[in-house]
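One structure is given here, and the rest of the page talks about it.
The values are calculated or read from the model by the stated rules, or taken from the named source; none is laboratory data. Remember, it's a predicted structure, so these values are computed and weren't measured experimentally. As a convention, Cβ positions derive from the backbone with ideal geometry for all residues, glycine included, and neighbour counts pool all protein chains shown. Protein only, heavy atoms only, side chains kept; ligands, DNA and RNA dropped before computing areas. Shrake-Rupley method; radii C 1.70, N 1.55, O 1.52, S 1.80 Å.
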Amino acid sequence: MRGIRSLYNENKTFFLLFFSVLAGILILRLFLSVWGKIPADEYRILNKMCVEVQHEDGTVDRFDSHFFNFSSEKDRITIRIPLEKSWKKEHQSINFFFYNSEIKAYYKDQLLASYGTNLKRHMIGHIRVAIPVPEEAFGEEIRVEITPKIRFMENNFDEPVLMSERDALFFSIIGLETSYAIFVMTLIATFIAMVAFAVFSLRHHYAREGFWLTTMIFAITLWHLGNSGMMYMLTDCEDLNAVSEYIGMYLLLSAAPLYASHETERPRVRRFLKISGGILFSFFVLTLFLYFLPTGYTYVWHLRIAQGVQIVMLLSTVLSLMFPGRMVKNNSDRILGFGLIFVALLGIMEQVRLILSARVSERWPRFMQLFVKIHYSKVMILVMIFVFITAFSFKLIMVMQKAMEDEHLRVLAFTDNLSGMGNRQFLQRKIDLLDSQRATGYAVIFMDINDLKYTNDHFGHDCGDQLIKMVSNAIKGAVDNANGFCGRSGGDEFLAVIFPEHLVVNVAKQIREDLEAIKEREKVPFPVSLSIGVAGYSELAAEEHLAEKEFISADYVIRKADKRMYKDKCRYREQRDKAGMKV
């Protein structure tokens, strides 16, 4: 128990942040599932059907469920969907997705719908099929005849859905309502992040890593929206649905290794990931160009090669993240590393699922049917969102802490501990800045504490420190009301620079008055006074008869103020001696 408590105390920020992000995602999902879910009584999943696949040689394979397959473009598929009479309603439609095929639906010999024959171009991609059901068809069956244009099933065939024609628009997100909202928001957010990281990547190395990370999330989300058919909620265009699916896949091919190249310290692994990622990114640009040509471009013949390359790239990413060749530096890297390993493994499972979908039928074991039915890409995206938000939050906390530490060190480096004012280094930096900017129109106040040694010797160093604090408070209060800066340049010496210089007399007067007020308020036993010397840039420039382009350095103005301070100190000593005070 003590060990658990110790672990919690050491990683309290991690646990709080982790559960906050998790709770936020769950609350968002619960909210969307309550307010955005399509009621279950408004649709019916048609899981009873008879499927016949007639091969070129005349043989026929028969299946009694949606788990079927074919093996040639010359195969002919017939799906018979029985409709019970009790389901009878007006304006109903049967909805399903099928990959790149000519699809015709009949009630008896009446043609109800035709898809895939008049497309502008034929590409691998989901065709959204909506078959209007005549009322007299209830109690009988709808026959669907499919002529495939690819050699294999690219994805498993999901059960058709019976619902009203009015609500058929939402068919593609049934059971995915909450995921759809999250994925669309993710797509928009990652695209904006990609643009932002691309702009900053020219200056910051970490922005390149962030660019490829957000590109991975964008690519996976875009691919999944196309692969699941949810893209039809955004557009009715079959070609755009196909483009989003496969452009997302080819972009992921390059983004995964290029991101992993930033996470490994092994030179050969990094070189391999960068070269392979660069080649694949060039291939992505080529496919993007070809896809948007008016004629389109179909990658049917080497789709399995592309999926095999994706598995290799994702496996390389997993290995490079598991063995980066360096120690994990912080919680952000640890979360990101392990999270992306899990994401890459899910990506491999998704590609394996797609490849097996071409073979798995109802004759395969039940666990294999379940394996190809699960969309691992959906889980992958949710995990990536969670990992990215958590890791980014940790990195943000780390960056903020580092910035605060750097600022604290900077303040310490340029701050006098006793007075809280800027120290000699601070003053020198500000004075150098005046000269580099060739500043004019300012005045310098040089100040020296009277009788500080006497106070230290007779009243102790604590009283001497108190005297320094009293003087510094008086100076800071007066200078803060004007435009300028001040600091402690030595043991008993202070310096202030005032803009514009005509305010310097009032500021010097204010310093003396404030110091006197502090003295009266604190009622200290030691003497409290200050010698002051003032010099203005314009005044000295006039004395030196400077031409318009000539320039007086700040050190010269300070030396002039120092001399006048010394004269003021001499007058103070004369007055003190006349008063009979011995120091």
HN-Hα J in Hz across the range 183-192 - Karplus 6.51, -1.76, 1.60, θ = phi - 60°, x for Gly and Pro = 5, 5, 4, 5, 4, 5, 5, 5, 5, 4
ask   = In angstroms, what radius of gyration and Dmax does the range 417-579 have, counting Cα atoms only?
value = 16.2, 53
key: Distance between the range 160-228 and the range 429-479 - C-alpha centres, whole angstrom   = 60 Å
remark   = the range 46-173 accessible area per residue, 1.4 Å probe, protein heavy atoms, integer Å², reads 45 Å²
message = Per residue, how large is the accessible surface of the range 417-579? Use a 1.4 angstrom probe and give square angstrom.
response = 53 Å²
remark   = Using eta = 0.890 mPa s and T = 25 °C, Stokes-Einstein with Kirkwood Rh from Cα pairs puts D for the range 120-226, in µm² s⁻¹, at 138 µm²/s
note = A correct Karplus calculation of ³J(HN,Hα) over the range 54-61, with 6.51 cos²θ - 1.76 cosθ + 1.60, θ = phi - 60°, whole Hz and x for Gly and Pro, returns 9, 8, 4, 7, x, 6, 10, 9
request  = For the range 152-161, take each phi angle, set θ = phi - 60°, evaluate the Karplus expression 6.51 cos²θ - 1.76 cosθ + 1.60, and give the result in whole Hz per residue in order, putting x for glycine and proline.
outcome  = 8, 6, 6, 8, 5, 8, 7, 4, x, 10
ask   = Val285 versus Arg166, label points 7 Å from Cα toward the beta carbon: distance in nm?
value = 5.1 nm
task = Determine the share of the range 417-579's accessible area contributed by carbon and sulfur atoms, expressed in whole percent, with a 1.4 angstrom probe.
result = 47 percent
query = Hey, rough spin-label estimate for Phe200 and Arg573, points 7 angstrom out along Cα→Cβ, what's it come to in nanometres?
reply = 5.9 nm
